[in-house]
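The values are calculated or read from the model by the stated rules, or taken from the named source; none is laboratory data. Everything numeric here is computed off the predicted structure, so don't read it as measured data. Here the Cβ is made from the backbone with ideal geometry for all residues, glycine too, and neighbour counts use every protein chain on show.
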Amino acid sequence: MSAWQLCEVTLPFPVSLGRVIATVTCSGEKEVNLAVQDAKAAFKIWSKKSGLERGQILFEAARMIRERTEEIAIMETINNGKSIFEARDDIKTSWQCLEFFAGLAGSMAGEHIQLPGGSFGYTRREPLGVCVGIGAWNYPFQIASWKSAPALACGNAMIFKPSPFTPLSVLLLAEIYTEAGVPPGLFNVVQGGAATGQLLCQHHDVAKVSFTGSVPTGTKIIEMAAKGIKPVTLELGGKSPLIIFSDCDLENAVKGALIANFLTQGEVCCNGTRVFVQKEILDKFTEQVVKATQRIKIGDPLLEDTRMGPLINRPHLERVLGFVKQAKEQGAKVLCGGDLHVPRDPKLKGGYYMTPCVLTDCKDDMTCVKEEIFGPVMSILSFDTEAEVLERANNTTFGLASGVFTRDVQRAHRVAAELQAGVCCINNYNINPVELPFGGYKKSGFGRENGRVTVECYSQLKTVYVEMGDVESVF
Ligand SMILES: NC(=O)C1=CN([C@@H]2O[C@H](COP(=O)(O)OP(=O)(O)OC[C@H]3O[C@@H](n4cnc5c(N)ncnc54)[C@H](O)[C@@H]3O)[C@@H](O)[C@H]2O)C=CC1
Ligand SMILES: CCCC(=O)O
């Protein structure tokens, strides 16, 4: 089968303003095999370097990303449609991630264990080999950085496949790694959709798959990995709760709710889209949230003051608008937004824009409350007591993130402990510093990105026993 027969995407790729920005060739079997072959060769060189040596190269790559922030951010905005303001932040968390794992690389070590008779054992923390990273379209550069930085720091090679909707910015990352001094082929990019992803996951020389995307695709990835007994990291979807108690700082809670719902056009896996508000402050909170939402500047994502750009593509826009329509049919009230938006600027007319939406009168069994919308749609629900809201917040198959706003410090920690989610933010939301592990519970996946613990996701432990006496034979 030729490479082209294996492509499932129609080329050229459209972007979110409805214009073609580039034509990218899909990688088929031949290209995937070549990438794996090159990665294996590069792995031999890279894995023999000391952690400190690897760290030095990653620090250099981080420095280059930081220096080229503006260029990469512009590319990301064109790639995805998010505002340049946000794209800069994605680039920042990317070089920070490289710096964090560059710093850890030199301290990766095993243990020495004393045993009877002077014998001893030790453990070696070793890389896995050729790792595959498969990314979603919402944070293309950041996802590639969050996967490759720990992989490379631990001594692995990585082949990365971006989403076919956002194929471009990761190429800059590959260029930077090469210029910083990683061996050729250590970080390689292959382009394509599901077919290319499958070839990567099923390749017998691939040691691990780290995936960011939807639950249905994550299920397929884990099935393919199971056949090869390969470890996987799965960063999947979410329907996270944000709980706002009546004793909160209201102004902060309103700001938190907007951050929890409208960054990157709401296309954020960890968004707090189920906003539970205690009855006493429901009206006041709702009024302020609606006012603030109506002020969000929609427009050209490359302009400094734009805070919301177009959604990723037309089918996704239609899907999100469909969720709003269904919410109305099921009894929710639209307080603002939820409509198609056609900007006045003629050059933006083909863009996949909608107005950010706040829904109220939501009930737990409505589709908009149960399913991940992945667009700018906030659902407000009211509650009476802590016990009640905890039960309702946890009543979901997802478990990526959560948040709580309260001035009661004991309640804040009690609620954080009870929420079934991999991340909980107290008195803020969507704050994901690279020093802290990020990842889900339940159907939101497993394995972690960022934080020290991620070293365990990209390395394996070898035990070495050393005999200092004679062999005592039982035969
Ligand atoms: N937990 C997290 O960190 C994040 C999760 N997501 C989730 O991702 C979803 C949206 O992203 P999409 O790109 O639409 O997800 P998707 O699951 O459709 O695609 C993700 C990636 O998997 C590839 N792929 C598709 N089918 C495949 C297959 N059979 N084998 C191998 N690879 C395959 C795609 O080409 C793409 O690169 C949402 O559900 C969102 O919640 C998005 C970002 C972050
Ligand atoms: C913080 C990561 C958010 C995403 O990738 O959706």
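Where the second residue is hydroxyl-bearing (Ser, Thr, Tyr) and within 15 Å of ligand 1 (Cβ to nearest atom) and the first is over 26 Å from residue 92 (Cβ atoms) and lies in the stretch 411-440, which pairs have Cβ atoms under 6 Å and are six or more apart or on separate chains?
Pairs found: 419/402; 420/441.
Look at the stretch 411-461 and say how many of its residues are farther than 22 Å from residue 394 by Cβ and under 16 Å from the mean Cα position of the chain (by Cα).
Qualifying residue count, the stretch 411-461: 8.
Answer yes if at least one residue in the stretch 103-114 is free of Cβ contacts under 8 Å to residues at least 60 places away in the same chain and crowded, with 24+ Cβ neighbours inside 10 Å, and no otherwise.
Looking through the stretch 103-114, at least one residue is free of Cβ contacts under 8 Å to residues at least 60 places away in the same chain and crowded, with 24+ Cβ neighbours inside 10 Å.
What is the residue count in the stretch 202-231 for residues that are within 8 Å of ligand 1 (Cβ to nearest atom) and more than 19 Å from the chain's Cα centre (by Cα)?
The total comes to 1.
Among all residue pairs at least 6 apart or on different chains, which show Cβ distances below 7 Å where the first residue, located in the stretch 157-169, is near ligand 1 (Cβ under 9 Å from one of its atoms) and the second is aromatic (Phe, Trp, Tyr) and part of a loop (DSSP other than H, G, I, E, B)?
163/137; 165/137; 166/137
Return yes when residue 294 is polar (S, T, N, Q) and more than 15 Å from ligand 2 (Cβ to nearest atom) and no when it is not.
When the stated conditions are applied, residue 294 passes them.
Hey, any hits in the stretch 129-152 for a residue that's more than 15 Å from ligand 2 (Cβ to nearest atom) and in a loop (DSSP other than H, G, I, E, B)?
yes
Given 276, 285, which one is crowded, with 17+ Cβ neighbours inside 10 Å, more than 28 Å from the chain's Cα centre (by Cα) and over 17 Å from residue 18 (Cβ atoms)?
285
So residue 342 passes all but one of these: (1) within 20 Å of the chain's Cα centre (by Cα); (2) under 25 Å from residue 73 (Cα atoms). Which condition number does it fail?
Residue 342 satisfies every listed condition except (1).
List the helices (runs of 4 or more DSSP H) that sit entirely inside the stretch 267-386 and contain at least 1 residues that are modelled with pLDDT of 95 or more and of a type in the set (Ser, Thr, Tyr).
282-294, 367-370
Quick one: how many residues across the stretch 232-254 are surrounded by fewer than 18 Cβ atoms within 10 Å (Cβ to Cβ) and under 22 Å from the mean Cα position of the chain (by Cα)?
0
Looking only at the stretch 84-106, how many residues end up being of a type in the set (S, T, N, Q) and over 16 Å from residue 172 (Cα atoms)?
Number of matching residues: 1.
Considering only the stretch 270-291, state which residues are within 16 Å of ligand 2 (Cβ to nearest atom) and over 20 Å from residue 321 (Cβ atoms).
270, 272
Return the residues of the stretch 213-223 that are more than 22 Å from residue 370 (Cβ to Cβ) and surrounded by 20 or more Cβ atoms within 10 Å (Cβ to Cβ); say none if nothing qualifies.
The answer is 221, and nothing else.
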